[in-house]
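Engineer: Below is one structure. I have some questions about it.
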Amino acid sequence: MIATKKKKGVYSPIKTPLDVILLSIIFQPLVIQEWRNFKKILFNDRNQLFGTFAGLFIFIFMILFCHESQRENAAIFLKKCFPHINWITLSFADVIRFGLQSFWLMTIQTQTASAALSFDLKMILNIFNLITSFIFLPFTAISKGFGFVLTKIEKASENYQDKFDPKYYLLGIFFLSMVCLTVPFNISAQIAFIFMLWLVAMIARTITGNLPKLILISLSLTVSTRYLWWRYTSTLNIDSSVDIFFGVILICAETYTWLILLLGYFQTAWPLQRKPTPLPEDTTLWPSIDIFIPTYNEDLSIIKTTTLAALSMDWPEYKLHVYILDDGRRPEFGEFAKEVNAGYITRDNNRHAKAGNINQALVKTNGEYVAIFDCDHIPVRSFLQMTMGWFLRDKKLALIQTPHHFYSPDPFERNIGNFKKTPNENTLFYGVVQDGNDLWNASFFCGSCAILHRDRLLEVGGIAVETVTEDAHTALRLHRKGYTSAYINVVQAAGLATETLSAHIGQRIRWARGMAQIFRVDNPLLGKGLTIGQRLCYANAMIHFLGGIPRLIFLLAPLGFLYFHSYLIYAPTTEILLYALPVIVHSSIASSYMQGKYRYSFWAEIYETVLAWYIARPTTVALINPKIGTFNVTAKGGLIKDEFFDLTISKPYLFLIVLNLLGIGAAIYRYFLGPDNEHGTVFINFAWTAYNLLVLGGAISVAQETRQVRTQHRIEVDTIVSIRKKSGHLICAKMEDYSGSGLGLRIDSNVLNFERNEQVHILISRGNREFVFPARITNVNKGFLGVLFENFTKQQELDYIQCTYSRSDAWATWRTDFKQDKPLTSIKAIIGVGFHGYIVLARTLPKFITHPFLLLGMTIAFIRSLLPKNISDTPTTFDVR
Amino acid sequence: MRVLCVQGLQAGVGGSTISANLARMLLELNQKVLVFDLNPNNLLRLHFNMDWQNSVGWALNLTQKKLWCAAFECEHGISFLPFGQLTYQTHQRLIVEYLDDNKLHYQLNSLDLSPETWLILNISSDINLLNKQALALSNFILRVFEPSVANLSLLINSMQSNYIVNDAELSNKSFFVINKLIPHSELDHEMTLVFKNLLLNKLLPINIHFDESIKEAFAHKTTVNIHAPTSTAVREFRTLAIWLMSYFNRLEQP
């Protein structure tokens, strides 16, 4: 009877737990109370035999060795320092985790650990630091010395006035480098050589400045040119026809890569980093500007924001005209334009798509300058003031381009889940490449967020219509006429990224095809009017898109040996490693140094692999016959209702994966059943295949489309606003994000009196003015409020956009949030992404195939869970102050 | 001693409220504060939880020939000197018999405050003997007004000729702050812009909004940072206090 009652929980007698009894034998009640508190925080009062006694062990240890003040926060400290241990359900594996993590904290993360413990570890730390600094002493000394010398040289070269004839220098450098590149070394000499170069590179990368950058570039070029020389002269097996067939294909791909590397270094070696130029005080001297917003099939809501933002740019009102160029000829767009006092231009055909649309509008308007915004690119109010100064300063200027910035994640970012954590694909181009182009007066037009000089544009016949990348082609023509261009690397507009991977690939196919078309139709290396720098920059931009086929060759190259037993690189294993590894190491050191914040190491592998298959065919076709192919509009602002795996788009990759997996099988076969002297070659090809599989896995994981349910993207901010309740109370709040329709607000969690569907007003200030917006609360959750705007008047719509999207500082902090690249961390991330691809794949396959893989994956995950973790700082809570 | 004088442009614009809240906020920012009520309305004490019936104050003490400086300290540690509840006759007697041109100066000296202490003088909106002394003795005059048409008219009139405007020294150290700005009133925002154009840098960059919490705090006989710590008003008073602190820091630097 009693037993059943117990089960039902009608009553249960208060039972003293065993651990408390044990403790109370030795310790006083005060300590018992402390133990109870400790247990409550750590185990949430749940009794569990093993966990409790493990906890008890730690507790007794603490009682004996720690001061009372430290014991107070001990439980929280344990939770913080051992984030991967779930104290409530302890298991025996946690003992290993505990041990490893303790060791980790004691040796590596000493600083954080002592901070968390509020325990003075200075003595131990100092000894540890002393040892490490002693080991690195020679290294640091050299680095410091070099840095000092280099800065001196840089300063001296700035003041260097004498004219010198560069011919002799170039001749000297040429002979020296020829010796460097072509002299064959035996193995020990080569080892010494690459070791010296590596040492210099490791020292140079610790120093900031332009000279160390040039040193790294020359080192990288030295080893890669040397590699190519070696490949051409001593690794082609002429005796075997199969070998020479595959060998020549591979060497062509390698030559292409070398060329791209060379041109890339040339292009980005010295970014100009142009600063905005102030405008004259007298606003009557400011030129008149027409703003074009071309649209074809986008939603009115997207156009609305952009148009209103364009209308509220800081510029004399009578000198600023906004036009919506509607190729869709939709009457509601015309009405909207009329309402907000913007121009509305249509035409009776859609010839040449966007280029034709703009050309048509050029005829119908007459401002001195034309600014072009894609319909989703919302300019900030300072856009014109930041850019126009250069037009007044440089009388030959025809074009100013600013970066394209996306406030929504692109398919890579969304599907991999690294939005705002890793710089996206775009960042490299707008962060480094365009700035590098600018030095050679070769920064080109990117179709949006740019200003063009109308007369000069008309002089080259308006926007070029011969190719599908009208923007780059137009810029090329302007440059041929002798006009200059400028790039200002300050984000002054933001837009939507493409939604799906297929759309993204579609857009890139268009770019690739267009660039290949220009290369055929109007080759920058030929023709009049360009400087050598411009020729090379344009050529790189175009040749870069021809990378599809070489990339595919690399993805298949190791199979040549594994399948057909063909020696693509006819050389001993050690020699291959000694020549090839330095190329990889030096190019990644140099690119990491140059691109640091804008592209993390090795991410390019994934970006390029995804595109390789798709751009291979169109570029080849365009090179043969540039007239084939049509213009496709990039779709933006769509929804993805359900998570899905894009099988169609990933088919080529699945095919490549199968081939490479078979290659792995062949490698195992050859290792165990082939001749002994081939083990080295098998190993190299195996490693190469494994790497290819990893990158292909990355491509697969991008094809897993995650859900995208919001129609309006939320943009994170950090601004203080006020909420006015109906009762007249004003509550202070922090605006955490905004979208076109609502806000996310953080309030003090003590404020409880908010209800769903409550009508409120939101007060947002901008500059020294304040605006009030009517809203309704849609979501109340522990200090977080979601509000939706209601019943905006036209004026309020304009005010709201001025308070949010078009604030001058709206995108100012975006890029600075990225940390400097760490190649090793980046490799880890890439491996994670690659593995994730296979997990995605496993989910779509039948169970009996995936089961062993899942088991393997679980084992790996378990082993990973044992490894020590970094302690991150706990997120700070909102404070009104 | 940092002497701050708070005066409303007209009665009822919230001079006493701002004095009290500002004092509390300065205290919260670890400043030493003494609030001296020179306004015969004797309202300031009510912000500091003094009994309704308690009529004690420095002016009353003076007329009763007691020790005049009877300071009070309320539960949150603020020191204040109430005016005292005077009848019409005693008030007249105070003016005639007890106040002279140097009375306040003498009084402040006898308080013997340390140099880092803030002394907040809350004075009425008219110009009388006591107010003249307070204005002359202060380092900073904070003039409070509402963004209303009436206040605009008052301000424009006073700019042509006024006790403060006519004295260069006084007008140099006087600044304006907008109180009771109604957030959803379009007119108020328009008026704010008008005032901004009129007063330029004499208008402090902080506006105090009309907030129910301020009224409620007064009804609870306390200040708003204690009654409603999460309200916008608290942030506004804090910004105001910090602005004043930095102003004085700059002033005191050699």
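Derivation of every value follows stated rules applied to the coordinates shown; laboratory data play no part. The structure presented is a predicted model; accordingly, all values stated were derived computationally and were not measured. Glycine also receives a Cβ, built like all others from the backbone with ideal geometry; neighbour counts cover every protein chain displayed.
Engineer: Taking the range B:72-145, which GluC sites (Glu not before Pro) meet the DSSP loop condition and have no more than 12 other C-beta atoms within 10 Å?
Structural biologist: Passing both the DSSP loop test and the Cβ count: B:Glu75, B:Glu116.
Engineer: Once you place label points 7 Å from the Cα toward the Cβ at B:Leu129 and A:Asn341, how far apart are they in nm?
Structural biologist: Spacing of the two 7 Å Cα→Cβ label points: 6.0 nm.
Engineer: So, one more: What translational diffusion coefficient, in µm²/s and rounded to a whole number, does the Stokes-Einstein relation yield for the range B:168-245 at 25 °C and a viscosity of 0.890 mPa s, taking the hydrodynamic radius as the Kirkwood radius over Cα pairs?
Structural biologist: 178
Engineer: Express the C-alpha Rg of the range A:764-819 as a ratio against the empirical globular expectation 2.2 N^0.38 Å, rounded to two decimals.
Structural biologist: For the range A:764-819, the normalised Cα radius of gyration comes out at 1.40.
Engineer: If you take the charge dipole of the range A:283-499 about its Cα centre, with +1 on Lys and Arg Cβ and -1 on Asp and Glu Cβ, which of A:Val491, A:Asn437, A:Ser408 is farthest toward its positive end?
Structural biologist: A:Asn437
Engineer: Once Rh is set to the Kirkwood radius over Cα pairs, what Stokes-Einstein translational diffusion coefficient, in µm²/s, holds for the range A:268-388 at a temperature of 37 °C and a viscosity of 0.692 mPa s?
Structural biologist: Once the numbers are plugged in, D ends up at 215 µm²/s.
Engineer: Working out 0.36 nm times the residue gap between A:Phe853 and A:Ile260, then minus their Cα-Cα distance, what length gain in nm do you get to one decimal? Let's see the in-between values first.
Structural biologist: On the way: separation 593, 0.36 × 593 = 213.48 nm, distance 3.84 nm.
Stretched out fully, the A:Phe853 to A:Ile260 stretch lengthens by 209.6 nm.
Engineer: Contact order normalised by length for the range A:463-610, with contacts defined as Cα pairs under 8 Å and 6 or more residues apart; what percent is it? Could the numbers behind the result be given before it?
Structural biologist: Working: 76 pairs, mean separation 27.4, N = 148.
Here the relative contact order equals 19 percent.
Engineer: Using a simple spin-label model with points 7 Å from Cα along the Cα→Cβ vector, what separation in nm is obtained for A:Leu300 and A:Lys395?
Structural biologist: It is 4.8 nm.
Engineer: How large is the translational diffusion coefficient of the protein assembly as shown in µm² per second when you combine the Kirkwood radius over alpha carbon pairs with Stokes-Einstein at 20 °C and 1.002 mPa s? Present the calculation step by step, with values, prior to reporting the outcome.
Structural biologist: On the way: Rh = 36.0 Å.
The diffusion coefficient I find is 59 µm²/s.
Engineer: Could you give the C-alpha radius of gyration of the range B:2-252 expressed as a fraction of 2.2 N^0.38 Å, taking N as the number of residues it contains?
Structural biologist: Its radius of gyration relative to the 2.2 N^0.38 Å reference: 0.97.
Engineer: Go through A:Lys420/A:Lys782; B:Lys180/B:Lys221; A:Lys819/A:Lys869; A:Lys319/B:Lys180; A:Lys40/A:Lys822; A:Lys144/A:Lys819 and tell me which ones have a Cα-Cα distance over 29 Å in this structure.
Structural biologist: Exceeds cut-off: A:Lys319/B:Lys180; A:Lys40/A:Lys822.
Engineer: If Lys and Arg each add +1 and Asp and Glu each add -1, what is the summed charge of the other residues whose beta carbon sits under 15 Å from the beta carbon of A:Leu236?
Structural biologist: -3
Engineer: By a straight-distance test (C-alpha under 29 Å), which lysines pair with A:Lys847 as possible cross-link partners, with residues fewer than eight away in the same chain excluded?
Structural biologist: Hits, sequence-local ones excluded: A:Lys641, A:Lys651, A:Lys828.
Engineer: Here is a further query. Just to verify a number: FRET efficiency for A:Gln820 and A:Ile153, C-beta to C-beta distance, R0 = 22 Å, to 0.05?
Structural biologist: It comes to 0.35.
Engineer: Please go through the range A:433-516 and write out the trypsin sites (Lys or Arg not before Pro) that DSSP classes as loop and that have at most 14 other C-beta atoms within 10 Å.
Structural biologist: Hits after loop and neighbour filter: A:Lys481.
Engineer: Next up: Rg and Dmax in Å for the range A:283-499, alpha carbons only: what are they?
Structural biologist: 16.7, 51
Engineer: I've got another one for you. Please turn the phi angles of the range A:273-284 into ³J(HN,Hα) values with the Karplus equation 6.51 cos²θ - 1.76 cosθ + 1.60 (θ = phi - 60°), one per residue in order, whole Hz, x for glycine and proline.
Structural biologist: 6, 5, 9, x, 10, x, 8, x, 4, 7, 6, 5
Engineer: Work out the length of the dipole vector of the range B:35-137 about its Cα centre, built from +1 on the beta-carbon of each Lys and Arg and -1 on the beta-carbon of each Asp and Glu, and round it to the nearest 20 debye.
Structural biologist: I would put it at about 280 debye.
Engineer: Net charge within 15 Å of A:Tyr570 by Cβ-Cβ distance, Lys/Arg positive one each and Asp/Glu negative one each, not counting A:Tyr570 itself?
Structural biologist: -4
Engineer: Let me check against my output: what whole-number percent is the relative contact order of the range A:715-806, with C-alpha pairs under 8 Å and at least 6 apart?
Structural biologist: Worked out over the range A:715-806, it gives 24 percent.
Engineer: As an exercise, identify the GluC sites (Glu not before Pro) in the range A:756-850 lying in DSSP coil whose Cβ has no more than 13 other Cβ atoms within 10 Å.
Structural biologist: Passing sites in the range A:756-850 are A:Glu790.
Engineer: Quick one: pull the percentage of alpha-carbon pairs in the range A:802-855 with a separation above 18 Å.
Structural biologist: When all Cα pairs of the range A:802-855 are counted, 62 percent exceed 18 Å.
Engineer: Quickly estimate the mean residue ellipticity at 222 nm for chain B, helices only: each DSSP H run with n ≥ 4 gives -39500 (n - 2.57), and the total goes over all residues, rounded to 500.
Structural biologist: Numbers: 13 runs with 116 residues, N = 254.
Calculated mean residue ellipticity at 222 nm is -13000 deg cm²/dmol.
Engineer: Volume per residue, Å³, of the convex hull around the alpha-carbon atoms of the range A:715-806?
Structural biologist: Spread over its residues, the Cα hull of the range A:715-806 gives 92 Å³ apiece.
Engineer: While we're looking at this one, here's another question. Size of the dipole of the protein assembly as shown about the Cα centre, Lys and Arg at +1 and Asp and Glu at -1 on the beta carbon, nothing else charged, in debye to 20? Intermediate results must be reported in sequence, preceding the final value.
Structural biologist: Details: 104 positive and 90 negative charges, 360 e Å.
It works out to roughly 1720 debye.
Engineer: First measure r as the distance between the Cβ atoms of A:Ser808 and A:Thr778, then evaluate 1/(1 + (r/R0)^6) with R0 = 25 Å and state the FRET efficiency to the nearest 0.05. Numbers along the way, then the final one.
Structural biologist: On the way: r = 30 Å, r/R0 = 1.19.
The pair A:Ser808/A:Thr778 has a calculated efficiency of 0.25.
Engineer: From the helices alone, meaning DSSP H stretches of at least four residues, give me the mean residue ellipticity at 222 nm for chain A, per-run term -39500 (n - 2.57), in deg cm²/dmol to the nearest 500. Before the final figure, lay out each step's value.
Structural biologist: On the way: 34 runs with 484 residues, N = 881.
After summing the helix terms and dividing by residue count, I get -18000 deg cm²/dmol.
Engineer: Please enumerate, by chain and number, the lysines with C-alpha under 21 Å from the C-alpha of A:Lys354, excluding those fewer than 8 residues away in the same chain.
Structural biologist: Partners within reach: A:Lys304, A:Lys364, A:Lys627, A:Lys636.
Engineer: Turning to a different aspect of this structure: Once you order the gyration tensor axes a ≥ b ≥ c over the Cα atoms, which shape class does the range B:132-205 get: rounded for a/c under 1.5, otherwise prolate or oblate by comparing a/b with b/c? List each step's numbers first, then the result.
Structural biologist: Details: a/c = 2.32, a/b = 1.88, b/c = 1.23.
Verdict is prolate for the range B:132-205.
Engineer: Net charge near A:Leu866: determine it from the other residues with C-beta under 12 Å of the C-beta of A:Leu866, scoring Lys and Arg +1 and Asp and Glu -1. Could you put the intermediate results ahead of the total?
Structural biologist: Details: positive: A:Arg97, A:Arg864, A:Lys869; negative: A:Asp94.
Residues near A:Leu866 contribute +2 overall.
Engineer: Turning to a different aspect of this structure: Would you kindly state how much longer the chain becomes between B:Ser185 and B:Val96 on full extension, computed as 0.36 nm times their sequence separation minus their alpha carbon distance, in nm to one decimal?
Structural biologist: Taking B:Ser185 through B:Val96 to full extension adds about 27.5 nm, to one decimal.
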